[in-house]
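Contents: one structure, followed by commentary.
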Amino acid sequence: MADGSKDKEEKQPANPSSSSIGNLSQNNPLSRKLNRILETRLEDERDTIESLKVLSEFLPANTLHARRNLRSDIERRGLILSEEFRDLLGSLAAQIQDMQNDVHSMRSCCQDMQNRLADTKAKTAGLLNETAELKARGRRLEMRGVVIDVFLKKLQLTPEEVGILAGGVVGEELFSVLHRVKSIHEDCKVLLRTSQQRIGLEIMEKMAMHLEEGYERLYHWTQSQCRTMTSDLPSSSLLLRKSLQELKSRPILYKYCVDEYVLARRSALVQGFIDALTKGNNGSRPIELVSHDPARYSGDMLGWLHQAIATEKDHISGLFAEDEREWVSNLLASITEGAGRPLKMRVEQVLLSTSDPVTSYQMVNVVRYYLGVFVILLGETAPLIGVMKELAELQTKLFFSSLTVQTSKLLEEIELPDSQLNPPRKLMEILSVLQRVLASRDISVASLDDHKTSLKQILQTCIDPMIHYCNESASTLSTMEMAVYLINCLYLIHSNVALYEFTELALEKLDGQIQAHLDTLITEQAAYLLGKIGLLDSYNTLQTGELTDEVLAPVHEQSKKLMTQFFSSPESSLLPQLTLLTSSKFKADAHQRAVQLFLNAYRQVYDAIKDKIGEDKLSNVLPHSPEQVNDLIT
Amino acid sequence: MASGPYNYSYIFKYIIIGDMGVGKSCLLHQFTEKKFMADCPHTIGVEFGTRIVEVSGQKIKLQIWDTAGQERFRAVTRSYYRGAAGALMVYDITRRSTYNHLSSWLTDARNLTNPNTVIFLIGNKSDLDGQRDVTYEEAKTFADENGLLFLEASAKTGDNVEDVFIETAKKIYQNIQDGNVDLNAADTGVQLKPSASGGSGDRKPTGNQSSQQSGGKGCC
Ligand SMILES: Nc1nc2c(ncn2[C@@H]2O[C@H](COP(=O)(O)OP(=O)(O)OP(=O)(O)O)[C@@H](O)[C@H]2O)c(=O)[nH]1
Ligand SMILES: [Mg+2]
């Protein structure tokens, strides 16, 4: 064996001293070998050293025997070792076999597992797909969740909001919920244009329901608020105003609230009115205290109402924010309705106890004034206006009847004219009543036409009986006296009436009558003058026909004398009655016109005589030419 | 909405009196419309105007009754003195006769209003200083002697117009604060407007004298 050979080779150098002479023959293979061995450095050959050490064990003593047996020892030992080795390997092989078995079983296990894994894997793939799908679906759902959330937030009420609609105090929240409900309702219309009509309709229906509920609540609250507005100055809040604004979109509910308000205000106004009349709160004098002064009394009542109406109007426009005039008027008309009765009662009461036409006329005017003012505020058809019109009518009627009564009472007994032909004293009394009536017209602001109509009636009521009275009392007088007397009476009436506006018609009539009487006077006066110079007969004859000699004869005899007499002092030739005219203007006027008439007559007679007897003989009969006469008497 | 025309806590009633043509209607117009009405017709009976002013932080509605100066309307106008919190008595500084009549207007005002009524004397047409017929000093003395507030004003230029209306309101308000005016009394021409701001939370400006405000029965 290799090991054995080596052992042999190495054994040689172990005895270097024995071969040191070998160096001499280099070329000898043995020597080369020896050299090589000698050159070997033992320090570097550890293996060799190790081997040698081991070998030394085999050789306990370097005996020949030992050396001879070395090889077999070694071989025996090798054998032993190999046997040991074989044994060992045998067990190893068994173990390996075991292991192989284990590995086998492991491998089958693994195979199994692998199979199972493959199996599972195949199965999991489906799951994974499913999961991915689910995840995607999850995301989509999440998205939808958000959308639905937004949708709900936008199109549904929160439970709190529903709660607010259903109960609790009426406040800002209710309005905002209502607005939300409305806007949701509005927004749902968009849905109707999409494929989501059904949900749109459903939500709209629901919102409509909510809205009704909300309005119902608002309505009940507002109505009860309105119902309590019975204080003299109703409290009204911004909230109430807002509620009413809101309710305007529910006209019927709104109307009920307005009705409630009107009812409350109506009773408040009546109560306030009664209080003002009877109690006149704290220190203020009750209006009824002036009931002794009927005009003032009715004025104060109506003035109070005017102010109350103004306040109510203000309140209405603030509370309801309605601008339409007629709407406000109607409300005011309704609110003031209750005041009509107490007003009517009181006015009638004082009216019936008033016999003085002046007072009742003042009352008429006051009521008429307020009628004008109130019609603008309340409208023609307001109940209060109706009451006032009735009152005005009644007052007017009573006024005229009291005026008639007073006039006729005064004129019951006919008073005979005095010698001066002055107007009767009773005339003055009636005129003073008339004057006071006409003066009190000044407070009225009735329309001009109304005023003119009533004025005409007033004048008629007074003037006609007066004239009638004058005529009666003049019945015993001569024509001249009668004319003068009547002119004096008419003139007195005229000058009284002339102080007032819109009396032209009456004045014209009076003037006409005065002129008629003046004409009578003038004719009388002219005739009187003609008589004075003896020409009256001639003149009268001339009016009917030709001048005859019989008529001319007296002219011949007397005219010269008479004329001389007359023309020496023509002013004394005034009829005595004419001087009794109270109006100097009429006096002068009558005189003037009488003279004119006289002159005309004179010229007629003069011309006629001139034609009859010729110009040359004329101076014997009528010495004065018309021009001369004119100069003499004017 | 809070600044709407309804947000006030008192109503003060005023009456404007004085001879015809002194400029009563023009003063009212200037105050409510801030304009001068050059050819204003004579007032028939009474006219009416309102404006909200602020005094000591309180919104007050002035309800102003402008009366006719013409004698023939006295039967109507005298019914409006009742319950006025303020009386503006106007004369024309260029027409002495309108000043001379003041004592009769004052007598009316005193007899027909109540003792707390604030009377403010106004010498109107102060823009016509050149045609002045009544001196400031003379009128001032008259006002002082009679315990009247006094200012000269011009409805034409608007000079002092705002002041007379607001000074009157201040004085009335002060009377209320001092407890001189019983808000229960209808004739004071002052009405408390309860809770203009909302709900049932009544605002009580002076505490002790506003008990009537809700549900108080009284005339206005
Ligand atoms: N220059 C001037 N003119 C004024 C002033 N105020 C009023 N007027 C004029 O005076 C006239 C009468 O004014 P109104 O306001 O009608 O007088 P009033 O007091 O209301 O008169 P009645 O209604 O009849 O009582 C008008 O023509 C106005 O133009 C003023 O301050 N200055
Ligand atoms: Mg005026």
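Looking only at Cβ-Cβ distances, which cysteines of chain A have no other cysteine closer than 4.7 Å?
Those would be A:109, A:110, A:188, A:226, A:257, A:462, since no other cysteine Cβ in chain A comes under 4.7 Å of theirs.
Pairs of lysine in the range A:101-215 with Cα under 15 Å and at least 8 positions apart or on different chains: total?
Value for the range A:101-215: 7.
How many angstrom lie between the C-alpha centres of the range B:15-74 and the range A:64-98?
If we compute the Cα centre of each part, the gap is 149 Å.
Run the numbers on the range A:159-225 and let me know its relative contact order in percent, using alpha-carbon pairs under 8 Å that are six or more apart.
38 percent.
Along each of its three principal axes, how wide is the spread of alpha-carbon positions in the range B:10-191, in whole angstrom units, largest first?
Rounded to whole Å, the extents work out to 45, 32, 31 Å.
Would you tell me the mean number of C-beta atoms belonging to other protein chains that fall within 10 Å of each C-beta in B:79-89, as a whole number?
Per residue, the average neighbour count from other chains is 4.
Within a Cβ distance under 12 Å of residue B:143, other residues only, what is the Lys/Arg minus Asp/Glu net charge?
Local charge sum for residue B:143: -4.
Distance check, please: which entries in A:255/B:13; A:509/A:532; A:389/A:456; B:61/B:171; A:409/A:587 exceed 25 angstrom between their Cα atoms?
Exceeds cut-off: A:255/B:13; A:509/A:532; A:409/A:587.
Given +1 on the Cβ of Lys and Arg, -1 on the Cβ of Asp and Glu, and no further charges, what dipole in debye does chain A carry about its Cα centre, rounded to the nearest 20?
4100
What is the dipole size for the range A:408-503, taken about its Cα centre, with +1 at each Lys and Arg Cβ and -1 at each Asp and Glu Cβ, in debye to the nearest 20?
Charge dipole, the range A:408-503, about its Cα centre: 200 debye, nearest 20.
Please report how far the C-alpha centroid of the range A:207-221 lies from that of the range B:77-114, rounded to the nearest whole angstrom.
Answer, in whole Å: 55.
Note the per residue figure in Å³ for the convex hull of the C-alpha positions in the range A:524-633.
Here the figure is 92 Å³ per residue.
Looking at chain A, identify the longest residue range that excludes and avoids all GluC sites (Glu not before Pro) in DSSP loops having at most 12 other Cβ atoms within 10 Å.
A:1-323
In whole percent, what relative contact order does chain A give with Cα contacts below 8 Å and a gap of six or more residues?
Reported relative contact order: 7 percent.
Would you mind computing Rg(Cα) / (2.2 N^0.38 Å) for the range A:247-391, counting N as its residues?
Cα-based Rg divided by the globular estimate yields 1.11.
Of all DSSP beta bridges in the protein assembly as shown, what percent run antiparallel (nearest 5)?
Rounded to the nearest five, the antiparallel share is 35 percent.
Which whole-number percent is the relative contact order of the range A:247-391 (Cα, under 8 Å, 6+ apart)?
Value for the range A:247-391: 28 percent.
Work out Dmax and Rg for chain A from the C-alpha atoms and quote the Rg first, both in angstrom.
75.8, 252
If you filter the range A:272-346 for chymotrypsin sites (Phe, Trp or Tyr not before Pro), then keep DSSP loop positions with at most 10 other Cβ within 10 Å, what is left?
Filter output for the range A:272-346: empty list.
Want the number for residue A:172 to residue A:404: 0.36 nm per residue separation, take away the alpha-carbon distance, what's left?
Net length gain for the segment: 76.7 nm.
Would you mind listing how long the range A:408-503 runs along its three principal axes, going by Cα atoms, in whole Å with the largest first?
On the principal axes, the range A:408-503 reaches 46, 24, 17 Å in Cα extent.
Helix-only estimate, please: 222 nm mean residue ellipticity of chain A, summing -39500 (n - 2.57) across DSSP H runs of length 4 or more and dividing by its residues, to the nearest 500.
Per the formula, -27000 deg cm²/dmol.
With +1 on the Cβ of every Lys and Arg and -1 on the Cβ of every Asp and Glu, and nothing else charged, how large is the dipole of the range A:159-225 about its Cα centre, in debye rounded to the nearest 20?
About 280 debye.
Kirkwood Rh over alpha-carbon pairs of the range A:461-543, then Stokes-Einstein at 37 °C and 0.692 mPa s: what D in µm² s⁻¹, rounded to an integer?
Result for D is 230 µm²/s.
Considering the dipole of the protein assembly as shown built from charges on the beta carbon (Lys and Arg +1, Asp and Glu -1) around the Cα centre, which of A:483, A:146, B:119 is farthest to its positive end?
Of A:483, A:146, B:119, it is A:146.
Leaving ligands, DNA and RNA out of it, work out the accessible area of residue A:539 with a 1.4 Å probe and give it in Å² to the nearest 10.
So the heavy atoms of residue A:539 present about 50 Å² to solvent.
Using the Cα centre of the range A:256-372 as origin and beta-carbon charges of +1 (Lys, Arg) and -1 (Asp, Glu), tell me which of A:357, A:264, A:345 is placed farthest towards the positive end of the dipole.
Working it through, the farthest residue towards the positive pole turns out to be A:357.
The values are calculated or read from the model by the stated rules, or taken from the named source; none is laboratory data. Only a predicted model underlies this, so the values are computations on that prediction, with no experimental measurement involved. Virtual Cβ from ideal backbone geometry, glycine too; neighbours counted across all protein chains shown. In case anyone asks, the SASA skips ligands and DNA or RNA and just uses the protein heavy atoms, side chains included. Shrake-Rupley method; radii C 1.70, N 1.55, O 1.52, S 1.80 Å.
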